[in-house]
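Trainee: Please find one structure pasted underneath; my questions will follow.
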Amino acid sequence: MSSYERVTAHVDDPETLREEGRRKMDWALQHMPILQSLREEFADEQPFAGETIGMAMHVEAKTAILVETLALGGAEVAVTGCNPLSTHDDVSVALDDVENVTSYAVRGVDDDGYYAAIESVIDHEPTITVDDGADMVFRIHQEHPELIDSIIGGAEETTTGVHRLRAMDEDGELDYPMFAVNDTPMKRLFDNVHGTGESALSAIAMTTNLSWAGKTVVVAGYGYCGKGVAKKAAGQDANVVVCEVEPRKALEAHMEGYDVLPMAEAAAEGDVFITTTGNKDVITREHFEQMQDGVLLANAGHFDVEINLDDLDDLAVDRYEARDGVESFEMADGRRLNVLAEGRLVNLAAPVGLGHPVEVMDQSFGIQAVCVRELVENGDAYDAGVHEVPDELDKEVAEVKLAAEDVAFDSLSDEQRDYMDSWQHGT
Ligand code: NAI
């Protein structure tokens with residue numbers, strides 16, 4: 001059953017739902033010059049004719065434009081969500097209406113529904129996979145190894161997914177090539193830093209209707225995402241405290257003007273806590289015990305394991321919905337600790353979460369699209385395992401974006417190129 005059938009079974013006016021989803025997609029497309037350019041190329045050249053692309057991504061408007069772009073290039077595409085709360089049902093229904101696309105994504109599914117939808121995508125027998133978090137690649141390896149021979153390869157969107165794939169690769173368990181889209185400059189210097197920074201903060205502000213000014217914001221993890229969150233929070237006049245486990249990252253945060261504290265000390269200081277580590281149990285019982293009344297707890301990392309909600313539930317004498325997207329856990333001493341979006345990545349899973357700004361996702365999905373093209377054109381050149389995205393593809397996408405923004409930039413002269421390539425020149 002596609003998303004259209006599943007979602008529309010519960011609404012009175014499916015046509016309005018579809019139209020609203022299409023409107024969101026059209027708005028996104030207007031601001032995605034990279035995908036606009038690739039759509040024209042793919043529509044002309046039909047590079048994906050005969051391929052089936054299986055995708056597990058956050059199904060909202062920008063992703064829908066990527067899906068549609070791949071379908072316009074001749075692919076049959078089957079897509080589902082990569083998080084139970086990040087799907088926009090209207091977009092999923094609109095996407096399901098696109099020729100050669102089937103969407104199985106529905107917001108608010110339980111674990112069984114989530115994996116059943118992944119299975120439905122796998123039933124299409126994909127020849128290429130596009131993942132955000134590696135759940136589909138993992139599932140194919142675990143449950144459907146017979147499909148692997150006919151899979152050319154895949155592309156992975158996020159840090160946690162690449163991490164998982166590298167762990168599989170190191171154990172000799174990754175049996176087809178995967179591009180680490182996350183690791184390209186065009187993706188993580190923009191999407192992880194600016195995208196997560198802007199969208200996590202705006203989702204928290206809109207969910208709570210509270211100000212950043214004068215708040216103490218504790219950011220756990222000073223990687224690409226944490227750096228963006230810290231910078232944007234400081235830009236809105238919050239006092240930022242960073243927690244890190246990597247000494248050079250902790251030093252970087254210190255040198256960039258933030259207070260650096262262990263979580264055991266930051267817990268008593270913070271008004272807002274935002275986790276961006278990709279790790280588990282970053283905030284646990286010992287931290288909850290020290291927190292002030294009214295704190296906000298939000299996660300921007302991929303999985304919902306960074307804030308230990310079992311510990312929080314153990315400590316709570318009551319829990320209730322304080323606002324849409326905010327659950328209050330009341331402690332025996334009367335303190336209320338407020339968890340946003342069930343501890344799932346707040347910028348996408350909060351009811352008002354729109355994910356990253358459109359322009360940023362244009363870049364990330366531009367890389368996804370050229371990676372799929374590279375697999376179709378040169379898939380034989382890649383062995384099973386995790387691969388860096390070829391640098392010329394990353395540069396190609398950057399150049400399209402610069403042209404669209406009407407930004408001119410310099411190029412090397414032949415003499416400069418020779419100089420940069422030589423080692424004989426000294427003082
Ligand atoms: P990263 O690897 O650059 O940064 C993670 C940082 O967390 C590292 O510096 C690491 O040392 C630190 N860390 C690990 N365990 C820690 C702990 N217990 N306490 C404090 N710090 C700890 O990764 P990146 O790119 O920043 O991604 C972080 C997470 O965000 C990943 O799960 C990624 O998939 C996810 N992500 C979420 C997005 C969103 O839309 N919300 C967008 C992009 C990535």
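Trainee: Does the stretch 189-196 include one or more residues that are of a type outside the set (A, V, I, L, M, F, W, C), assigned to a loop (DSSP other than H, G, I, E, B) and surrounded by 22 or more Cβ atoms within 10 Å (Cβ to Cβ)?
Mentor: Quick first cut of the stretch 189-196, residues of a type outside the set (A, V, I, L, M, F, W, C) only: 191-192, 194-196.
In the following step, the residues that additionally are assigned to a loop (DSSP other than H, G, I, E, B) were identified as none.
Looking through the stretch 189-196, none of the residues is of a type outside the set (A, V, I, L, M, F, W, C), assigned to a loop (DSSP other than H, G, I, E, B) and surrounded by 22 or more Cβ atoms within 10 Å (Cβ to Cβ).
Trainee: Continuing with the same structure: Which ones in the stretch 164-185 are over 14 Å from the mean Cα position of the chain (by Cα), part of a helix (DSSP H, G or I) and either within 14 Å of the ligand (Cβ to nearest atom) or of a type outside the set (D, E, K, R) (or both)?
Mentor: Within the stretch 164-185, Arg164, Leu165, Arg166, Ala167, Met168, Pro185 meet the criteria.
Trainee: Still on this model: Could you list, in sequence order, the residues of the stretch 45-75 that are charged (D, E, K, R) and either in contact with a His (Cβ under 7 Å, 6 or more places away or on another chain) or assigned to a helix (DSSP H, G or I) (or both)?
Mentor: Taking the stretch 45-75 and keeping what is charged (D, E, K, R), we get 45, 51, 60, 62, 68.
Residues satisfying the conditions are Glu45, Glu60, Lys62, Glu68.
Trainee: Only residues that are among the small types (Gly, Ala, Ser) and within 30 Å of Asp149 (Cβ to Cβ): list them for the stretch 171-214, please. Lay out the reasoning, then the answer.
Mentor: Of the residues in the stretch 171-214, the ones among the small types (Gly, Ala, Ser) are 172, 180, 195, 197, 199-200, 202-203, 205, 211, 213-214.
Within the stretch 171-214, Gly172, Ala180 meet the criteria.
Trainee: In this structure, is Gly161 within 16 Å of the ligand (Cβ to nearest atom) and either among the charged types (D, E, K, R) or assigned to a loop (DSSP other than H, G, I, E, B) (or both)? Don't jump to the end; show me each part of the working.
Mentor: Details: within 16 Å of the ligand (Cβ to nearest atom): yes; either among the charged types (D, E, K, R) or assigned to a loop (DSSP other than H, G, I, E, B) (or both): no.
Judged against the criteria, Gly161 is not a match.
Trainee: Checking the structure you have, find out if any residue of the stretch 145-153 is surrounded by fewer than 23 Cβ atoms within 10 Å (Cβ to Cβ), under 22 Å from the mean Cα position of the chain (by Cα) and part of a helix (DSSP H, G or I).
Mentor: No: the stretch 145-153 contains no residue that is surrounded by fewer than 23 Cβ atoms within 10 Å (Cβ to Cβ), under 22 Å from the mean Cα position of the chain (by Cα) and part of a helix (DSSP H, G or I).
Trainee: In the stretch 321-370, what residues are in a strand (DSSP E or B) and within 13 Å of the ligand (Cβ to nearest atom)? I'd like the intermediate steps shown before the answer.
Mentor: The first filter runs over the stretch 321-370 and keeps only residues in a strand (DSSP E or B), leaving 321-323, 326-331, 336-340, 345.
Across the stretch 321-370, the qualifying residues are Leu340, Leu345.
Trainee: How about the stretch 76-92: which of its residues are of a type outside the set (Gly, Ala, Ser) and either at pLDDT below 95 or not in a strand (DSSP E or B) (or both)?
Mentor: Cys82, Asn83, Pro84, Leu85, Thr87, His88, Asp89, Asp90, Val91
Trainee: When Ser411 is evaluated against the numbered criteria (1) in the same structural domain as Glu41 (by TED's automatic domain parsing); (2) free of Cβ contacts under 8 Å to residues at least 24 places away in the same chain; (3) part of a loop (DSSP other than H, G, I, E, B), which criterion, by number, is the only one it fails?
Mentor: Result: Ser411 passes all but (1).
Trainee: Name the pairs whose Cβ atoms lie under 9 Å apart, with the first residue in the stretch 292-305 and touching a residue at least 24 places away in the same chain (Cβ under 8 Å), the second among the basic types (Lys, Arg) and within 11 Å of the ligand (Cβ to nearest atom), and 6 or more positions between them or separate chains?
Mentor: The qualifying pairs are Asn299/Arg344; Phe303/Lys280; Phe303/Arg344; Asp304/Arg344; Val305/Lys280.
Trainee: Moving on to the next point. Residues of the stretch 95-114 being assigned to a helix (DSSP H, G or I) and touching an Asp or Glu at 6+ places or on another chain (Cβ under 8 Å), which ones?
Mentor: Step one: of the stretch 95-114, the residues assigned to a helix (DSSP H, G or I) are 95-96, 111-114.
Answer for the stretch 95-114, where residues must be assigned to a helix (DSSP H, G or I) and touching an Asp or Glu at 6+ places or on another chain (Cβ under 8 Å): just Leu95.
Trainee: Answer yes or no: is there a residue in the stretch 205-215 that is hydroxyl-bearing (Ser, Thr, Tyr) and free of Cβ contacts under 8 Å to residues at least 40 places away in the same chain. It would help to see each step written out before you state the result.
Mentor: If we filter the stretch 205-215 for residues that are hydroxyl-bearing (Ser, Thr, Tyr), which is where we start, we get 207-208, 211.
Next, from what is left, pick out any that are free of Cβ contacts under 8 Å to residues at least 40 places away in the same chain: 211.
Yes; the residues of the stretch 205-215 include at least one that is hydroxyl-bearing (Ser, Thr, Tyr) and free of Cβ contacts under 8 Å to residues at least 40 places away in the same chain.
Trainee: May I pose another question? May I ask you to say which residue of Glu330, Glu377, Glu321 is surrounded by fewer than 19 Cβ atoms within 10 Å (Cβ to Cβ) and closer than 27 Å to Val389 by Cβ? Step through it out loud before you land on a result.
Mentor: Details: Glu330 fails: closer than 27 Å to Val389 by Cβ; Glu321 fails: closer than 27 Å to Val389 by Cβ.
Just a single option satisfies the conditions, and that option is Glu377.
The values are calculated or read from the model by the stated rules, or taken from the named source; none is laboratory data. Here the structure is a predicted model, which is why all the values come from computation and not from measurement. When we count neighbours, we look across all protein chains shown, and the Cβ atoms used for this are built from the backbone with ideal geometry, even at glycine.
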